[in-house]
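Worksheet: one structure, shown below.
The values are calculated or read from the model by the stated rules, or taken from the named source; none is laboratory data. Note that the coordinates shown come from a computational prediction; the quantities given were computed from them, not determined experimentally. Methodologically, a virtual Cβ is constructed for each residue, glycine included, from the backbone with ideal geometry; neighbour enumeration extends over all protein chains shown. Surface areas here come from the heavy atoms of the whole protein model, side chains and all, with no ligands, DNA or RNA. Shrake-Rupley method; radii C 1.70, N 1.55, O 1.52, S 1.80 Å.
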Amino acid sequence: MKRALITGVTGQDGSYLAEHLLHCGYEVWGLVRGQGNPHRSRISRLVGDLRFVEGDLLDQSSLVAAVDRAQPDEVYNLAAISYVPMSWQQAELTGEVTGLGVLRMLEAIRMVSGIGRSGTTGTTGQIRFYQASSSEMFGKVREVPQNEDTALHPRSPYGVAKTYGHFITRNYRESFGLFAVSGILFNHESPRRGREFVTRKISRAAARISKGLQSELRLGNLDAVRDWGFAGDYVKAMHLMLQQDQPADYVVGTGRTHSVRDAVRIAFDAVGLDWTRHVVGDSRLVRPAEVDLLCADPKRARAQLGWEPTVGFDDLMRMMVEADLERAEREKHAVLHPHTEAEDW
């Protein structure tokens, strides 16, 4: 039985990946920062048979201990300070976790594997490492669509930190022979997406407005364009990357783009509302340095991994709205019955 260790296991991607790996017959360990992690019980109820080990991307020794205890065949580093607008407010923390945290995990793997600094080793039989890179690294794009060779020009502290993590992963692959890969994933969403992310903010607002729990939705740049897919599809690409004979980096996306305005229209149509009567533009929500157009060229992933997305954007937004309608119903019930807990992702 293979073993996998997932950082960021309590997040959207971590939960879907844990489910997928358990379905594939893995023993799955999730890295958590402590017994008091508020999302630990939630992920246990959702995913099921998970094991937990304590560790922190800010603490090198805790990562060495976690890798040594779990003895994984594969490590998936999904943990990050991942909300892009927040990265301007917490730039140093973003660099420490999202950037240097990758280095600390790579070092932990190198040390537990017994790989010295003075020479390289083969990739056979060693711990395989997946780094969650991001399309935000492309930033001010040089070409459309973007592929594995497109120049990087990140436009946020988050994108800069992800770029460091991406290149240090490649450096450890080239320096020490680690089986270390980066998945350059474009935007991927689901009903488990955090409330602060724009697609979930939209789906939740549409549901709550339709139930009378909210009156308006405030958004920044409605014209920003992204390549959006379903997170449940994308975690399968992560797994496939670590099953290859040779390590390589891959762009993962649909190759199709939609605007934030498109997402709003689809979500409000799903609940029978005219979005123009409820959505308010708010310049305070516009990024200091905007990323206007991200679109994936996933040819390598399709050709070498055999990976294809299965959920289109319209269906994805409707899926998210339907889940938020159920949550809004529970929220209304909790208002009427104060002792009832309305749990949300």
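Side notes on the structure shown:
- Evaluated against (1) part of a strand (DSSP E or B); (2) open to solvent by 50 Å² or more (accessible area, probe 1.4 Å); (3) not hydroxyl-bearing (Ser, Thr, Tyr), ILE184 falls short on exactly one condition, (2).
- Reported count of residues in the range 4-48, each being charged (D, E, K, R), closer than 27 Å to GLY99 by Cβ and modelled with pLDDT of 95 or more, is 1.
- Cβ-Cβ under 8 Å pairs, at least 6 apart or on other chains, the range 96-115 side within 13 Å of GLN71 (Cβ to Cβ), far side assigned to a helix (DSSP H, G or I) and open to solvent by less than 20 Å² (accessible area, probe 1.4 Å): ALA108/LEU63; ALA108/ALA66; ALA108/VAL67; ILE109/VAL67; VAL112/VAL67
- Test result for GLY101, at pLDDT 95 or above and under 24 Å from ARG302 (Cβ atoms): no
- Here THR257 clears all of (1) among the β-branched types (Val, Ile, Thr); (2) within 22 Å of SER134 (Cβ to Cβ); (3) in contact (Cβ under 8 Å) with a residue 40 or more places away in the chain except the condition numbered (3).
- Restricting the range 271-324 to residues that are part of a helix (DSSP H, G or I) and of a type in the set (Val, Ile, Thr), the residue that is surrounded by the fewest Cβ atoms within 10 Å (Cβ to Cβ): THR276
- Restricting attention to the range 187-234, the residues that are open to solvent by less than 30 Å² (accessible area, probe 1.4 Å), basic (Lys, Arg) and over 18 Å from SER15 (Cα atoms) total 1.
- If you go through the range 235-256 and keep only what is open to solvent by less than 10 Å² (accessible area, probe 1.4 Å) and under 27 Å from TRP275 (Cβ atoms), you end up with just GLY253.
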